[in-house]
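> Here it is, the structure in full.
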């Protein structure tokens, strides 16, 4: 069933911090000094250190994933994340204050190959900066396996 | 940059509990599946597994170290299999097309020759 009016699930807001960028650098084995040196970032034409590509996953600190799963009526033990995508309007820069609104953009039931059905829910979070300009858009595909019958 | 160009080889691991905890601390994913062995076993896994976002981030860093994070336009990952403690990730990243200054890139992380994550990206190259 397609949803015509995207339903808002949650909101998140956070500041992008140089120290948090460093945590992601270590955690993802990134080596480019543009993430850790303000001088290198300025030479590349930016005001401060650039975040790693998937930095907005930090929203996990501020979101209640269990509440999201409950709101969607999903059974957590049968849910897997199938894919995630990021679309960038510009790089995320240390000092940015980002606001993200997560919406349900599709919710479909699909028949599985071996009988039973799967529910596929696509969530989209648009992150905007203080000027309400888009920065990055994230889509997550959640797959809920059907109960074996 | 040309079609067929590949990023320098990168191998990450063996993945330790410390690696997973470090990513959990960075991103805020405290699902016990990623740090509590008895919870993971009850869920049917032989050990704790890494959060998909960790592999997604590792693969993205591999790409952005090569092409520059400021040049990324799109990045999409698909999760094929879980990553367990002790797994060694072999990363690959290749330009498969270039049009209008935008490169299409295909990436993967494999364990023992089996892809655990695949990805596609689009990045500005050349004069773009």
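> Give me A:13, A:49, B:70 ranked fewest to most by other Cβ atoms within 10 Å of their Cβ, as a rough exposure proxy.
Working: A:13 12, A:49 26, B:70 19.
So the residues, fewest neighbours to most, are A:13, B:70, A:49.
> Taking every pair of Cα atoms in the protein assembly as shown, average 1/r, invert it to obtain the Kirkwood radius, and report Rg/Rh to two decimals.
Numbers: Rg = 18.6 Å, Rh = 19.4 Å.
Computed over Cα atoms, the ratio is 0.95.
> Turning to a different aspect of this structure: Using only Cα atoms, tell me the angle between helix B:52-67 and the longest principal axis of chain B; keep it within 0 to 90° and round to the nearest 10.
Helix B:52-67 sits roughly 30 degrees off the main axis of chain B.
> A follow-up question, please. So the label point goes 7 Å from the Cα of residue A:31 along Cα→C-beta, right? Which residues of the stretch B:1-36 then have their backbone N under 12 Å from it?
Inside the label zone: B:7-12.
> What is the diffusion coefficient of the stretch B:1-91 in µm²/s, taking the Kirkwood radius over Cα pairs and the Stokes-Einstein relation at 10 °C with a viscosity of 1.306 mPa s?
D = 110 µm²/s.
> Related question: With bins 10 Å wide starting at 0, give me the P(r) of chain A over every alpha carbon pair, in whole percents.
Final binned percentages: 10, 35, 29, 17, 7, 1, 0.
> What do you get for Rg/Rh of the stretch A:59-113 when both radii come from the Cα atoms and Rh is the Kirkwood radius?
1.03
> Moving on to the next point. After finding the eigenvalues of the alpha carbon gyration tensor for the stretch B:41-107, what semi-axes result from the square roots of 5 times each, listed largest first in whole Å?
Equivalent ellipsoid semi-axes, largest first: 30, 11, 10 Å.
> Continuing with this model, one more query. On a C-alpha basis, how far is the centre of the stretch B:1-55 from the centre of the stretch A:13-54 in Å? Whole number, if you could?
Here the answer is 21 Å between Cα centres.
> Compute the helix-to-body angle for B:17-27: its Cα long axis versus the longest principal axis of chain B, expressed 0 to 90° and rounded to tens.
The angle comes out at about 60 degrees.
> What number, rounded to the nearest 500 deg cm²/dmol, is the helix-based mean residue ellipticity at 222 nm of the protein assembly as shown, given -39500 (n - 2.57) per DSSP H run of at least four residues and division by all its residues?
One gets -6000 deg cm²/dmol as the mean residue ellipticity at 222 nm.
Here, each number is a calculation from the coordinates, and none is a lab measurement. As the structure is a prediction and not an experimental result, all values here were calculated from the model. Positions of Cβ are backbone-derived with ideal geometry, glycine not excepted, and every protein chain shown enters the neighbour counts.
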